[in-house]
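All of the numbers you see were taken from the coordinates with simple rules; none came from a lab. Model, not experiment: these values are computed from the prediction. Cβ coordinates were reconstructed from backbone atoms using ideal geometry, including for glycine residues, and neighbour counts include every protein chain displayed.
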Amino acid sequence: MNPFDTVPVGPYDLPVMRLGLGGAPLSGMVLADGLYGGSAHDEAVRVIKRAYELGIRYFDTAPLYGSGRSEARFRDGLAGVPRDSFVISTKIGRVLDPAPGGDLSTDNPDRLPELIPVDSWTRSDVKRSIEESLERLGMDRIDIIYLHDPDQQEFGEQQANDEAFPALIELREEGTVKAIGCGMNIWEMPARFVRRFDLDIILLAGRYTLLDHSGLAEFLPLCVERNVKVAIGGPYNSGILARDLDGPVSFNYEPAPPELIDRARQLTAICKRNSVDLKAAALQFVLAHPAVATVIPGAQTVGELEQNVGLVEKHIPSSLWREMRYESLIPDEAPTPD
């Protein structure tokens, strides 16, 4: 596969590249007692710069990622790059407030005070979130806005329906943003949004992968029917498809259950018999579906980034997919690259 092919998305035909760069691992997650995971600032900037050098032109971030750090690192990594040469997406659904008693100094590599995310999908916070994201990104526009995780609060779906999506639709009609959708770790609520609103792209994390096919039967056909494109996040299911299975591995950000580890071992065995990296199969499997425009694995280092490019380019023999079907590891109806 060619990772640098593009797929037109939305009414403005945004050229979204088949392989993008996800911004969550570039910043880590800010918890109550500190920053956990993710790249340091300088390494994150190197990853972003190298991605652009390699030809990647789609970047995804969010205020939640590192409480603003991810957006600030894209600011630094893409500084001096022609704005028309890439597509960037961020999200609304969390506004960032100063942390009570936190460090408000901006004398740090990210040039940000200590911030905490607050859930909100109101019309006024849609505007506030976008304005603050533009400031952190150091850009004059954002191409794609995803509504982020409204399933995290009992009032989230109602606010999304009543306030957030109508506001996003108005912004798209004005041309302020070029495409809108939602980003979630489930498929059922996005399906309801697709049926209710004229959306362009859904960021679906972890629910259509080589291991988890839960989005295949109903959600992806709905997207094909409505001409809604899909960006696949979490193609490695938070680690189980990218780690040594002899040690602790996670699935959906929690310790993986034994039955899924066994299934991952079966997938790994087939890949080894066909001289294919499991991660290459994971990336190319999702890209084969006609609903899927792009896959956005994260990378914490330049080496991981360069490996992702090579994995999409890797030739995979059709025998691998036949064997996976024969062993009932992928559904018969799931498209494969051959």
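Return the residue satisfying two criteria in turn: it lies in segment 266-296 and is farther than 22 Å from Gly215 by Cα and charged (D, E, K, R), and of such residues it is surrounded by the most Cβ atoms within 10 Å (Cβ to Cβ). It comes out as Asp277. Looking only at residues of segment 218-257 that are out of contact with any helix residue (DSSP H, G or I) (no Cβ under 8 Å at 6 or more places or on another chain) and under 16 Å from Arg192 (Cβ atoms), we find that the one that is surrounded by the fewest Cβ atoms within 10 Å (Cβ to Cβ) is Glu225. Considering only residues of segment 116-150 that are hydroxyl-bearing (Ser, Thr, Tyr) and under 18 Å from the mean Cα position of the chain (by Cα), which is surrounded by the most Cβ atoms within 10 Å (Cβ to Cβ)? By that ranking, first place goes to Tyr146. Residues in segment 47-54 include none that are surrounded by 22 or more Cβ atoms within 10 Å (Cβ to Cβ), part of a loop (DSSP other than H, G, I, E, B) and of a type outside the set (Ser, Thr, Tyr). Of all the listed residues (Leu320, Leu329), the sole one being hydrophobic (A, V, I, L, M, F, W, C) and farther than 21 Å from Leu220 by Cβ is Leu320. The single residue among Ile270, Ile330 that is in contact (Cβ under 8 Å) with a residue 40 or more places away in the chain and in a loop (DSSP other than H, G, I, E, B) turns out to be Ile330.
Taking the listed residues Pro109, Pro63, Pro100, Pro113, the one that is exposed (fewer than 14 other Cβ atoms within 10 Å of the Cβ) and assigned to a loop (DSSP other than H, G, I, E, B) is Pro100, with no other qualifying. Scanning segment 305-324 for residues that are in a helix (DSSP H, G or I), closer than 21 Å to Ala242 by Cα and without any contact (Cβ under 8 Å) to a residue 40 or more places away in the chain turns up Gln307, Gly310, Leu311, Trp321. The residue that is farthest from the chain's Cα centre (by Cα), among those in segment 82-111 that are within 21 Å of Asp13 (Cβ to Cβ) and of a type outside the set (Gly, Ala, Ser), is Pro82.
Scanning segment 190-217 for residues that are surrounded by 17 or more Cβ atoms within 10 Å (Cβ to Cβ) and either more than 27 Å from Ser328 (Cα to Cα) or of a type in the set (Val, Ile, Thr) (or both) gives Pro190, Phe193, Val194, Phe197, Leu199, Asp200, Ile201, Ile202, Thr209.
When restricted to residues that are among the hydrophobic types (A, V, I, L, M, F, W, C) and more than 28 Å from Thr90 (Cα to Cα), segment 221-248 contains 1.
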